[in-house]
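Enquirer: My questions will all concern the structure given below.
Derivation of every value follows stated rules applied to the coordinates shown; laboratory data play no part. Worth saying up front: this structure is predicted, and the values here are computed from it rather than measured. No Cβ is skipped: glycine too gets one built from the backbone with ideal geometry, and neighbour counts run over all protein chains shown.
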Amino acid sequence: MKNVIPASNLTVRPKAPKKEELELKFSDKAMKELSALLKHYPNKKAAILPTLWLAQREYGGTLSADAMAEVAFHLDRSYAEIEGVATFYSLYNTKHAVGKHLIEVCTCLTCQVCDGFNILKYLCAKLDIKPGETTSDGLFTVHPVECLNACDRAPVLQVGDEYLGPVDTLFIDELIRKLKETPDSTVVKYADEVVQVHLRDVEKA
């Protein structure tokens with residue numbers, strides 16, 4: 001029973017992963033950015049959210065178990081704590097690996113009334129996948145999501161940092177064509193943009 005942590009002893013926490021247990025993937029650039037971010041916060045725990053965005057970028061748009069373990073290592077936190085934070089927020093891609101382009105379709109009330117479900121159905125049929133799936137070529141993932149807070153543009157989609165709407169089937173056709181011709185991952189680009197916003201805040205402080 002030595003490994004049991006009493007619930008009453010809240011100061012005892014599981015330890016962070018050890019370096020030898022991991023295959024670290026953060027680039028030199030990422031490590032410099034992490035160092036800058038850590039100077040902005042009172043302790044490493046407070047930097048969990050921006051570091052998760054950094055990991056999502058470095059790991060190709062998905063927070064895999066390895067990505068979360070690396071965050072735990074760099075911040076000296078337990079894996080369970082990092083996973084608990086990451087899986088709480090829907091903006092972190094933890095459930096499965098996403099494609100090069102993640103298309104999120106709002107299915108909340110206003111978008112429903114404005115044909116949002118038919119847009120979702122058309123998009124999935126066009127890509128030959130079901131909601132939540134990724135195309136076989138790894139280019140597209142489609143997620144139905146809750147309110148994107150852009151009811152004035154219903155039905156609305158989110159791709160990277162862009163809200164697109166109101167959309168119809170012709171718009172969907174053109175969007176897919178454009179994304180196929182886009183060389184960089186909009187998922188990775190979005191994660192990097194969030195990191196850069198945090199870094200700008202650090203510079204201003």
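Enquirer: Rounded to the nearest 10 degrees, what's the angle between the helix 28-38 long axis and the longest principal axis of the chain, both from Cα atoms, 0 to 90?
Expert: 70
Enquirer: State the extension gain, in nm to one decimal, for the chain segment bounded by L91 and K126, taking 0.36 nm per residue of separation less the distance between their alpha-carbons.
Expert: So the chain would gain 10.1 nm between L91 and K126.
Enquirer: Just want the answer: with Cβ charges of +1 for Lys and Arg and -1 for Asp and Glu, which residue in T51, P131, L91 is farthest toward the dipole's positive end in the chain?
Expert: T51
Enquirer: Over the chain, what is the percentage of antiparallel beta bridges among all DSSP beta bridges, to the nearest 5?
Expert: About 55 percent, rounded to the nearest 5.
Enquirer: By count of other Cβ within 10 Å, fewest leading, how are D168, D128 ordered? Mind dumping the intermediate values first?
Expert: Values: D168 13, D128 10.
By the 10 Å Cβ count, ascending: D128, D168.
Enquirer: Measure nothing fancy, just the Cα-based angle from helix 48-58's long axis to the longest principal axis of the chain, in degrees from 0 to 90, nearest 10.
Expert: That helix lies at roughly 60 degrees to the long axis.
Enquirer: Continuing with the same structure: Could you work out the relative contact order of the chain, using alpha carbon pairs under 8 angstrom and six or more residues apart, expressed as a whole percent?
Expert: Across the chain, relative contact order equals 22 percent.
Enquirer: When DSSP beta bridges are limited to those with both residues in region 101-184, what percentage is antiparallel, rounded to the nearest 5?
Expert: DSSP beta bridges in region 101-184 are roughly 55 percent antiparallel.
Enquirer: Pick the calculated volume of the Cα convex hull per residue in Å³ for this structure from [x] 153; [y] 166; [z] 127?
Expert: Comparing each candidate, only [y] matches the computed number.
Enquirer: Still on this structure, I have one more. Kindly rank 192-201, 65-74 from highest to lowest mean number of other beta carbons found within 10 Å of each residue.
Expert: 65-74, 192-201
Enquirer: Given the -39500 (n - 2.57) contribution per DSSP H run of 4+ residues, what per-residue ellipticity at 222 nm results for the chain, rounded to the nearest 500 deg cm²/dmol?
Expert: Value at 222 nm, helices only: -13500 deg cm²/dmol.
Enquirer: Mind sorting R77, R177, R153 by how few other Cβ atoms lie within 10 Å of their own Cβ, fewest first?
Expert: By the 10 Å Cβ count, ascending: R177, R153, R77.
Enquirer: Using 0.36 nm per residue of separation minus the Cα-Cα distance, give me the extension gain between N43 and D66 in nm, one decimal.
Expert: The span from N43 to D66 would gain 6.0 nm if fully extended.
Enquirer: Using amide H atoms built 1.01 Å from N in the peptide plane, name the residues 5+ places from F140, or on other chains, whose amide H lies under 5 Å from its own.
Expert: Under 5 Å from the amide H of F140 lie the amide H atoms of K100, H101, T135, each far enough along the sequence or on another chain.
Enquirer: What are the ³J(HN,Hα) couplings of region 164-174, residue after residue, when phi is run through the Karplus curve with 6.51, -1.76, 1.60 and θ = phi - 60°? Round to Hz, x for glycine and proline.
Expert: Couplings: 10, x, x, 10, 9, 5, 5, 5, 4, 4, 5 Hz.
Enquirer: Still on this structure: Using θ = phi - 60° and the Karplus form 6.51 cos²θ - 1.76 cosθ + 1.60, what ³J(HN,Hα) does each residue of region 92-97 get, whole Hz, x for Gly and Pro?
Expert: Rounded to whole hertz, the list is 8, 8, 10, 6, 6, 5.
Enquirer: Sticking with this one: Taking the chain as the reference, fit the longest principal axis to its C-alpha atoms, fit the long axis of helix 116-127 to the helix C-alpha atoms, and give the angle between the two in degrees, 0 to 90, nearest 10.
Expert: 90
Enquirer: A154's amide H: which non-local residues (gap 5+, or another chain) put their own amide H closer than 5 Å, with H modeled 1.01 Å from N in plane and none for Pro or chain starts?
Expert: none
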